[in-house]
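Below is one structure, written out as structure tokens, with a few remarks after it.
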Amino acid sequence: MTDTAKLEIDGKVHELKIITGSEGERGIDIASLRADTGCITLDPAYKNTGSCLSNITFIDGEKGILRYRGYPIEQLAEQSSFLEVAYLLIHDDLPTRDQYEEWSEALRYHTMLHEDLRALFAAFPKNAHPMAVSAAVVSALSTFYTEDLDPTDERQVMNSIERLVAKFPTIIAYSHKHSLGQPFLYPDNRLGYVANFLRMMFGTPCEEFHVDPVVERAINVLLILHADHEQNCSTSTVRLVGSSRANLFASTAAGIHALWGPRHGGANQSVIEMLESIADEGLSARQFVDRAKDKNDTSRLMGFGHRVYRNFDPRATIIKKAADDVLGKLGVTTKLLEIAVELAEIALSDEYFISRKLYPNVDFYSGIIFKALGIPVASFTTMFAMGRLPGWIAQWRELVIEDQAIGRPRQIYVGPSMRDFVSIDQRKA
Ligand code: ACO
């Protein structure tokens, strides 16, 4: 296969290098294009633009493959734990037993929030969205650990990483507790990462809290499935903000905001809201699918479609199986799952969805499990954020270690040409 591409502009041929990745993916290197030709490439929404070389996550959207550092998502979901996967992403490889113990111990050490940071939650209205609260509190971490904010100092970075991973479940649990008006529980560091989170989320100071191992395992799997997804919207946001050498907390807070949108992580909340409204309005699955296809109707079939996956989302396959499993073990039957299954059956055999290559994504089923596990709908997207955290950190770290230049896309200006200023009295409506 050739390793250069030829581009002809105004009769002159330019040779561009082709870069090939370890899985055979090919990209045309246009770094010197503007200097050589005066042209830039135009690709709104970056559908065909590679922003970096990365050795963290591999996706083949056509074949439905997802691997973290080479390990297939199916094996990690089946055999690993979220903390182990977080280590894999952040530290480049699976930990040895000693490394795992050291990592868990470091995280246990940092689970508490500073009392003044705890007090910050009281400043938010009770109905504040947990994503807004979490982003604000993560951003505020940078005001408490000012001695550890230098992205180029490895020791400071590791301190910030351990603090962030350790405190994130506490932050999410408190953003939920605040909405209920219930007391915040201090972490119990005898418990594992997920069990500790569940206790802070659902426990009260009045009673002992028992962690259901089925729930603990299901949350571990969900977090693993969300842990990284290469250059998606929130991760690209984290990298772009980080490229200015903004600190880890500031960059992560930006990622949380990006994830919140209903076309990204916020879709898990939107899916449940969609399923509930179908049930409440007494619509048939067919009627809703017709609405989603109608260009004059703004409804989309939430949880369907993905920028990269054009065949199936491997995470959705694992999550559907987990949903059946967890609901069965917990003895929960849910009307919403029935509606979801019916919607998927209709959409998957409908020409509109087939021709546009729209398939269920991870969010189509995740909300159903979260709901069955008792996670409130408003907190669904914060669960996604908790899962995605190691991915954001790993990508931010890769960018900093490789000393990537500040991200700064260009544009083609299509506004008015130069014109003279008109004083306010002489302007026409
Ligand atoms: N329901 C109905 N039609 C859809 C849907 C959907 N869920 N998704 C895409 N389409 C249609 C679009 O209207 C468009 O149709 P057209 O060609 O006739 O104009 C075509 O499919 C292509 O859609 P785009 O929006 O251009 O595709 P893009 O790759 O930009 O968007 C996205 C991907 C944002 C995920 C989109 O499919 C969507 O909005 N899905 C619903 C929200 C969702 O589930 N988001 C979660 C994504 S996964 C994640 O972030 C973890």
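The values are calculated or read from the model by the stated rules, or taken from the named source; none is laboratory data. It should be emphasised that the depicted structure is a prediction, and the values quoted were computed from it without experimental measurement. Positions of Cβ are backbone-derived with ideal geometry, glycine not excepted, and every protein chain shown enters the neighbour counts. Note: accessible area is taken over every heavy atom of the protein model, side chains too, but ligands, DNA and RNA are not part of it. Shrake-Rupley method; radii C 1.70, N 1.55, O 1.52, S 1.80 Å.
Observations on the model:
- Surface share of carbon and sulfur [accessible, 1.4 angstrom probe, percent] for the chain: 51
- Nearby aspartates and glutamates by direct alpha-carbon distance to residue 293 (threshold 14 angstrom, same-chain neighbours under 8 apart not counted): 350, 351
- Most to least packed among 75-84, 194-203 [average Cβ atoms within 10 Å]: 194-203, 75-84
- Convex hull volume of the Cα atoms of the stretch 383-424, normalised per residue: 195 Å³.
- A Förster distance of 45 Å, applied to the separation of the beta-carbon atoms of residue 114 and residue 342, puts the FRET efficiency at 0.40.
- Pairwise label distance in nanometres, residue 101 with residue 75, each label 7 Å out on the Cα-Cβ vector: 2.6
- 42 Å tail of the calculated P(r), the chain, as % of Cα pairs: 20
- Here the extension length gained between residue 8 and residue 22 equals 2.2 nm, from 0.36 nm per residue of separation less the Cα-Cα distance.
- Here residue 298 and residue 48 are evaluated by their C-beta separation; at R0 = 30 Å the FRET efficiency comes out at 0.65.
- Looking at the stretch 1-102, the accessible area is 66 square angstrom per residue; that uses a 1.4 Å probe and ignores ligands, DNA and RNA.
- Cα gyration tensor shape of the stretch 201-354, rounded if a/c is under 1.5, else prolate or oblate by comparing a/b with b/c: oblate
- Sequence-distant residues sharing a close amide H with residue 5 (under 5 Å, placed H): 16, 17, 18
- Think of a 1.4 Å ball rolled over the protein heavy atoms: the stretch 260-317 then has 50 Å² of accessible area per residue.
- Hits among aspartates and glutamates - C-alpha to C-alpha of residue 320 under 16 Å, sequence gap 8 or more where chains match: 74, 78, 338, 342, 345, 363
- Listed residue pairs exceeding 25 Å between alpha carbons, taken from 295/357; 17/357; 321/371; 167/335; 6/47: 17/357; 167/335
- Membrane-span-like helices of the chain, defined as complete DSSP H segments with a Cα extent of 30 Å or more along the helix axis and a mean Kyte hydropathy of at least 0.5, are identified as 380-401.
- The stretch between residue 354 and residue 287 holds 22.3 nm of extra length on full extension. This uses 0.36 nm per residue minus the Cα-Cα distance.
- Efficiency of FRET from Cβ geometry, residue 330 and residue 207, R₀ 22 Å, rounded to 0.05: 0.65
- Taking the three principal axes of the alpha carbon atoms in the stretch 113-207, the coordinate ranges are 43, 31, 20 Å, sorted in descending order.
- Taken as Cα centroids, the stretch 95-167 and the stretch 334-412 sit 24 Å apart, rounded to the nearest whole angstrom.
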